[in-house]
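These notes are about the structure you will find just below.
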Amino acid sequence: MTIRAPVRFCRNCGTAVEHRVPDDGDTRVRAVCPACKTIHYDNPLNVVGTIPVMPDGRVLLCKRNIEPRWGKWTLPAGFMELNETTAEGAARETDEEAGAHIRMGRLFSLVNVPHVGQVHIFYCADLLSDQFNPGHETIEARLFREDEIPWDELAFRTVSTSLRLWFEDRKTGAEVVHNVDLAAPRHDL
């Protein structure tokens, strides 16, 4: 599944590109400009977010007010912007989506989603208040105990995967960084 349209025109000069293996020793087909010789690379997008937690273990989830997966629950997360670190982006997204006051913690999970060209990066975060001011992308921001998580209503597998790992680690006291590869979902008939 491709999530972005292939490059058709050179971003530098506007000439229609050729899709071929460049002459520089590369081994992959790229968009190459025949006029100015610019090689255009199509790289994965980084999604950054947090697992915001109250001292009593309740986790903050946001109900999406945007597509994809409108009305489903998610951790506060979104696309990383230029000129920010992954932690800065995760904190920004938490503020934008939940209006939550947090103290950033350690890196928790890195979830590779190659079939959609994304890498999801989640940080632990301590909630400093149980008052939230969700932005326009969020219908509702709410705290959940583990037994209250709407598992069947979570928006993304990266979120359910990271949440399950977080609750498992909380029980065992583990503090590790999880590196997970998510395969494309099977669509068996």
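For segment 54-131, applying the loop criterion from DSSP together with a ceiling of 16 other beta carbons within 10 Å to the GluC sites (Glu not before Pro) yields 81, 84. The amide H of residue 125, built 1.01 Å from its N in the peptide plane, has 51, 53, 105 as neighbours under 5 Å, considering only residues 5 or more places off or on other chains. Residues of the chain were split at every exposed loop site, defined as chymotrypsin sites (Phe, Trp or Tyr not before Pro) in a DSSP loop with at most 13 other C-beta atoms within 10 angstrom, and the longest piece left, sites excluded, is 71-189. A crude spin-label estimate for the pair residue 140 and residue 128, with each label 7 Å from Cα along the Cβ direction, gives 2.7 nm.
Overall, the chain carries a charge dipole of about 480 debye about its Cα centre when +1 sits on the Cβ of Lys and Arg and -1 on the Cβ of Asp and Glu, all other atoms neutral. With a cut-off of 19 Å on the backbone N, the residues of segment 117-142 near the modelled label site 7 Å out from residue 66 along Cα-Cβ are 117-123, 133-142. Suppose the Debye formula is applied to equal point scatterers at every Cα of segment 81-189; what is log10 I(q)/I(0) at q = 0.09, 0.16 Å⁻¹? Here log10 of I(q) over I(0) equals -0.26, -0.87. Between segment 107-147 and segment 30-58, how many Å separate their Cα centres? Cα centroid of segment 107-147 versus Cα centroid of segment 30-58: 17 Å apart. Overall, segment 1-80 carries a charge dipole of about 340 debye about its Cα centre when +1 sits on the Cβ of Lys and Arg and -1 on the Cβ of Asp and Glu, all other atoms neutral.
A value for semi-axes √(5λ) of the Cα gyration tensor in Å was derived from the coordinates, and within the list (i) 36, 18, 16; (ii) 33, 27, 23; (iii) 36, 26, 12 it appears as (i).
Taking only protein heavy atoms into account and a 1.4 Å probe, give the accessible area per residue of the chain in Å². For the chain, the solvent-accessible area averages 58 Å² per residue.
When only Cα pairs below 8 angstrom with a gap of at least 6 residues are kept, the chain shows a relative contact order of 21 percent.
Nearest 0.05, what FRET efficiency do residue 41 and residue 106 give at R0 = 41 Å with Cβ-Cβ as r? Step by step, r from the Cβ atoms, then E = 0.85.
The values are calculated or read from the model by the stated rules, or taken from the named source; none is laboratory data. Remember, predicted model here, so these are calculated numbers, not experimental data. Because the Cβ atoms are built from the backbone with ideal geometry, glycine has one as well, and the counts that use them run over all protein chains shown. When the accessible area is computed, the model is the full protein with side chains, heavy atoms only, and any ligands, DNA or RNA have been set aside. Shrake-Rupley method; radii C 1.70, N 1.55, O 1.52, S 1.80 Å.
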